[in-house]
1. Could you tell me which residue of region 264-275 is nearest to CYS210 (Cα to Cα), considering only residues that are aliphatic (A, V, I, L, M) and crowded, with 19+ Cβ neighbours inside 10 Å?
2. Could you check how many residues of region 272-289 are closer than 12 Å to GLU221 by Cβ and of a type in the set (D, E, K, R)?
3. Can you tell me which of LEU319, LEU303, LEU335 is without any contact (Cβ under 8 Å) to a residue 40 or more places away in the chain, crowded, with 17+ Cβ neighbours inside 10 Å and at negative phi?
4. Restricting attention to region 36-51, report how many residues are loosely packed, with under 10 Cβ neighbours inside 10 Å and on the phi > 0 side of the Ramachandran plot.
5. Among the candidates LEU33, LEU21, single out the residue that is open to solvent by less than 20 Å² (accessible area, probe 1.4 Å) and over 24 Å from SER111 (Cα atoms).
6. What number goes with the only condition from (1) surrounded by 17 or more Cβ atoms within 10 Å (Cβ to Cβ); (2) under 24 Å from GLY332 (Cβ atoms); (3) in contact (Cβ under 8 Å) with a residue 60 or more places away in the chain that VAL261 does not pass?
7. When region 83-117 is examined, which residues are found to be over 23 Å from ALA59 (Cα atoms), of a type outside the set (Gly, Ala, Ser) and either crowded, with 16+ Cβ neighbours inside 10 Å or within 28 Å of the chain's Cα centre (by Cα) (or both)?
Amino acid sequence: MDTTLWADVTRLKGDATEAALAHVRSSDATGVLVRPGQLDGWEPLARITVACLVTGEEAARLDDARVGVLVAPSPRELDAVRAAAGNRTVGVRCEITDGDTMNEAAALCGSVHVLVAAFADETNIPLELLLARAQGTRTQVYKELLTSAETASVAGVLESGPAGLVVGADHLADLAKVSAVLRAERHAQLDLVPLEVVRSEPVGMGYRGCIDTTHLFDEDEGMIIGSTSSGGILVCAEVHYLPYMNLRPFRVNAGAVHSYVFGTDTTAYITDLAAGEKCHAVNPSGRFREAMVGRVKVELRPLRLVEARYEDVTVNVFLQDDWHVRVMSAEGKPLNLTEVVPGTRLLGRVTEPGRHVGIKVDEEISEF
């Protein structure tokens, strides 16, 4: 789910409001929260939702077709705002400072469309509780940011994060920073292709790296690993049955140390990855989900070379030669590496060759 980004200008007056609204038009904000009268002389873009923070009396007098959402400034005003809303969407802003106000906000989940949560503290635990209560209801929880630095941690609360973030008037200049973090948090969708194996054979000993992440892989996820910048093969995470050891659902037994690990727009050598670096968990549909490297574990192991072709592009990967290493079939099913023979169809990604420090460059390059 994409996260909505609102700009809150309700505490501004006069020229400051006009300047803020002009900034909102040129930003990536998808909504703006205003007071009655602040929209005078301003026409929002079609992509910007206009929400108005109103009391019940103000809601009854409001006659502005640009306003699509009425937000009560507190739970006490909610019933009056709802009564005057007509066919507009109804929300409420809740200041959460302690257990009682937290419970009051949680009790509203399911009865409003939007709940703007203004927490007094930066801890995410109350937000986790609120999101859990809202799950499965019509209520979308929007979190008011205390600082733009909160964005990365807030966006990942309970994996999906809140439905929206609200940037206050005192740091509207940070809209671009918040938007950039949200873009990075979103899943990317790239094309994967069926590859036909043309070679699969043991090649002797070599160093291979396991990539351990701070995330847990789903059963259909892994990483795209390849020896050349032309592409790679989807190598499964260690989430499938192993008779002699516990699963390692945070790990991909990724391949020989010279290998590329493919991200959405850059690649990295396995040995270049280190704690805190970004990597991507990939599933058969081509969803690239951002993860973080916890460590890379390099050991000497017997290796197998798998070479596969898609149209006129050939890719290859060196993997630990053991049946417990899995690769993804073209049908999205995990295969033991020892089952892979010429003619087997695997899932992978092909790209235009030519990389410098992991970034695509336009130059003639041959890799063998």
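The values are calculated or read from the model by the stated rules, or taken from the named source; none is laboratory data. This one's a predicted model, so the numbers in the text were calculated from it and none came from an experiment. For neighbour counting, all protein chains shown are included, and Cβ atoms are generated from backbone atoms with ideal geometry for every residue, glycine included. Side chains are part of the model used for accessible areas, which takes the heavy atoms of the whole protein and leaves out ligands, DNA and RNA. Shrake-Rupley method; radii C 1.70, N 1.55, O 1.52, S 1.80 Å.
1. Among them, the one singled out is ILE270.
2. The total comes to 2.
3. Exactly one residue qualifies, and that residue is LEU335.
4. Summing the residues that are loosely packed, with under 10 Cβ neighbours inside 10 Å and on the phi > 0 side of the Ramachandran plot in region 36-51 gives 1.
5. LEU21
6. (3)
7. Matches in region 83-117: ILE96, THR101, MET102.
So that you can scan it fast, the table gives a plain yes or no per residue for (1) under 22 Å from LEU192 (Cα atoms); (2) of a type in the set (Phe, Trp, Tyr); (3) in a strand (DSSP E or B):
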position	(1), (2), (3)
MET245	no, no, no
ASN253	yes, no, yes
THR271	no, no, no
SER285	yes, no, no
THR314	yes, no, yes
